[in-house]
Amino acid sequence: MAKPDASIWRLMESKGYSRREFIDFCRFAAITAGVGVAGLPRVVEAFQSRPRPPVVWLHFQECTCCSESFIRSSHPIVADVLFDYLSLDYTETLQAAAGHQAEAALHDTMRNHPGEYILLVEGSVPVGSDGVYCTIGGRTAQSILTEAAGDAAAVIAWGSCASNGCVQNASPNPTGATPIHELINRPVINVPGCPPIADVMTAVVTHLLVMERMPELDSKGRPREFYGKRVHDTCYRRPFYDAGLFVESWDDEGAREGYCLYKMGCRGPVTYNACSVTRWNEGTSYPIQSGHGCIGCSEDDFWDNGPFYRHLPDVPGFGIESTADKVGAAAAVAAGAGLALHAIVTNVRKQSDIRERIAGSVQETELDEGGND
């Protein structure tokens, strides 16, 4: 049996994993964390020598989908040792303790490991009516958050609820639901999504363990490695968008052919996430692949950005080199009508050109066949 402060390697060894399996796990962690195969020796050194960091996982206004996503990482070893791989000292959802024992576990971790424990926060914090909409053990969510964040080595906001407020923050927001970064005076790693992708969550924690510093973040506090490109730019339906071939109504011929879902409300062109690359359920699929447009759940105020099934007319037509820092809501509004008109005209021309070429090819074939006769 591994000691409570054992390293990840010692933990895996105690569970019967071989050295080869440990190296395979390290390779997976290196790739998902964005350090690549070149960083493998550093991952191996960290996982075999450093003790597991203590973790406090708080739950506020949320549906627990982030936890459900996290425990379904695609790597089988992660699935087996994930919550041992982190020393998960406190979490309202998964801990066996309750009442005074649970509260003791929380405060013991904060008192015994100042500057060492990682704080994971799932859910938004209601500040309306003095915080009465979410209380735990007689304390408001805001007071618990403020205390726990004080001595944490790092703070990660899991999911859109904690990162941008999600549906609780949507108008008229009666509870005053507020994202974590607006309530504490320190850097927060935002990992939005409803839910975020399991492997992205694992990679962010791995980066903290191996590099001992926060990953590079974009202007919204999101890890640039996973939120640096639009869903649109890596979507397998992108060629249809460029060709002006769109689904016009659900279950039409275009839908059956896998055409672009932009006209059905897909927000892939204005959403930054790794969905179309990393995907869910062991890399099986993501919403667009299942036939439903992206609803932009990793972006701020996505619930209030208009009906999900009406396309946005002011999408900027920037190329794949654009990032979230270069293309913002202000740029989309400012560029609005002119760029949208240009995009529409361009796509209409492309579609017309494609049809003319097809027609021309048919005529040439008919002439050749006639000449051969």
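For the range 135-146, the candidate set comprises residues that are modelled with pLDDT of 95 or more and not aliphatic (A, V, I, L, M); within that set, the residue that is farthest from E116 (Cα to Cα) is T140. Quick check, is G265 at positive phi and without any contact (Cβ under 8 Å) to a residue 24 or more places away in the chain? Taking the combined requirement at face value, the residue does not satisfy it.
Quick check on the range 220-237. Is at least one of its residues of a type outside the set (F, W, Y), at positive phi and not assigned by TED's automatic domain parsing to the domain that holds D301?
Yes, the range 220-237 contains at least one residue that is of a type outside the set (F, W, Y), at positive phi and not assigned by TED's automatic domain parsing to the domain that holds D301.
Contact map, the range 5-33: first residue under 22 Å from A198 (Cα atoms) and modelled with pLDDT under 85, second residue surrounded by 17 or more Cβ atoms within 10 Å (Cβ to Cβ) and of a type in the set (K, R), Cβ cut-off under 9 Å, separation 6 or more or different chains; pairs are I8/R52; L11/R52. Against the test of being among the hydroxyl-bearing types (S, T, Y) and more than 24 Å from A97 (Cα to Cα), the options T146, T175, T135, T140 yield a single qualifying residue, T175. Scanning the range 23-50 for residues that are part of a helix (DSSP H, G or I) and either outside the structural domain of M211 (by TED's automatic domain parsing) or over 25 Å from F226 (Cα atoms) (or both) turns up Q48, S49.
For T93, the test of being under 21 Å from the mean Cα position of the chain (by Cα), at pLDDT below 85 and over 30 Å from T146 (Cβ atoms) is failed.
To keep it simple, each residue is scored yes or no on (1) surrounded by fewer than 22 Cβ atoms within 10 Å (Cβ to Cβ); (2) not β-branched (V, I, T).
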| position | (1), (2) |
| --- | --- |
| P179 | no, yes |
| P192 | no, yes |
| A198 | no, yes |
| T206 | no, no |
| F226 | no, yes |
| F246 | yes, yes |
| W250 | yes, yes |
| E253 | yes, yes |
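Name every residue in the range 144-174 that is farther than 26 Å from A274 by Cβ and not acidic (D, E), in order of residue number.
Restricting attention to the range 144-174, the residues satisfying the condition of being farther than 26 Å from A274 by Cβ are 144-151, 171-174.
The answer is I144, L145, T146, A148, A149, G150, S171, P172, N173, P174.
Only residues that are on the phi < 0 side of the Ramachandran plot, part of a loop (DSSP other than H, G, I, E, B), of a type outside the set (A, V, I, L, M) and in contact (Cβ under 8 Å) with a residue 60 or more places away in the chain were counted in the range 274-294, giving 1.
Going by the structure shown, is R238 closer than 15 Å to H292 by Cα and either touching a His at 6+ places or on another chain (Cβ under 7 Å) or crowded, with 24+ Cβ neighbours inside 10 Å (or both)?
Details: closer than 15 Å to H292 by Cα: yes; either touching a His at 6+ places or on another chain (Cβ under 7 Å) or crowded, with 24+ Cβ neighbours inside 10 Å (or both): yes.
Criteria met by R238.
V55 meets the conditions (1) assigned to a helix (DSSP H, G or I); (2) out of contact with any helix residue (DSSP H, G or I) (no Cβ under 7 Å at 6 or more places or on another chain); (3) of a type in the set (V, I, T) in every case but one. The failed one is (1).
Suppose we keep only residues that are of a type in the set (G, A, S) and within 14 Å of the chain's Cα centre (by Cα) within the range 265-282. Which one would you say is farthest from P196 (Cα to Cα)? So that I can check it myself, show each step before the final result.
Here is the first cut: in the range 265-282, the residues of a type in the set (G, A, S) are 265, 268, 274, 276.
Subsequent filtering for residues that are within 14 Å of the chain's Cα centre (by Cα) retains 268, 274, 276.
On the way: G268: 16, A274: 10, S276: 13 Å.
Within the range 265-282, the match that is farthest from P196 (Cα to Cα) is G268.
The values are calculated or read from the model by the stated rules, or taken from the named source; none is laboratory data. All values reported here derive from a predicted model rather than from experimental measurement. No Cβ is skipped: glycine too gets one built from the backbone with ideal geometry, and neighbour counts run over all protein chains shown.
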